[in-house]
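As structure tokens, the structure follows; a few thoughts come after it.
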Amino acid sequence: MELTDSAELCGVAGHDDETITKGELNRFVRTVNVYHGRPIKSELRKLNDALTNHHEILRDHIEADARFAAKMAGAKWALYIIIAMLAPVVPLLYYLIKSLTMAGVL
């Protein structure tokens, strides 16, 4: 049913100064639950599922970022070690290239 149809159903017939019976109140509560309560509950259930999935995706992403940061920290120290090992070779290469250039080989 459309919203206007359900809105018309959600009301107790009678005047404001009249009391309602227990049966009328029960029917009113059931009608409100069927046309408003159940759709709201199903939408909340869908929203909860979507938020749960989103939370899992974000948690996985954060864990992947932490692993990547740890790898980068390890790579930084590996680069320092490689540079330290190549430091004695660089002057030798410089003098070799300088000598070959002066000799006219290069």
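Here, each number is a calculation from the coordinates, and none is a lab measurement. Keep in mind that this is a model prediction, so the values were computed, not measured.
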- Query: Under 30 Å Cα-Cα from residue 22, which lysines qualify once same-chain neighbours fewer than 8 residues away are excluded?
  - Reply: 41
- From the backbone phi of region 70-87, what are the Karplus-calculated ³J(HN,Hα) couplings (6.51 cos²θ - 1.76 cosθ + 1.60, θ = phi - 60°) in whole Hz, Gly and Pro given as x? 5, 5, 5, 5, x, 5, 4, 5, 5, 5, 4, 5, 5, 5, 5, 6, 7, 4
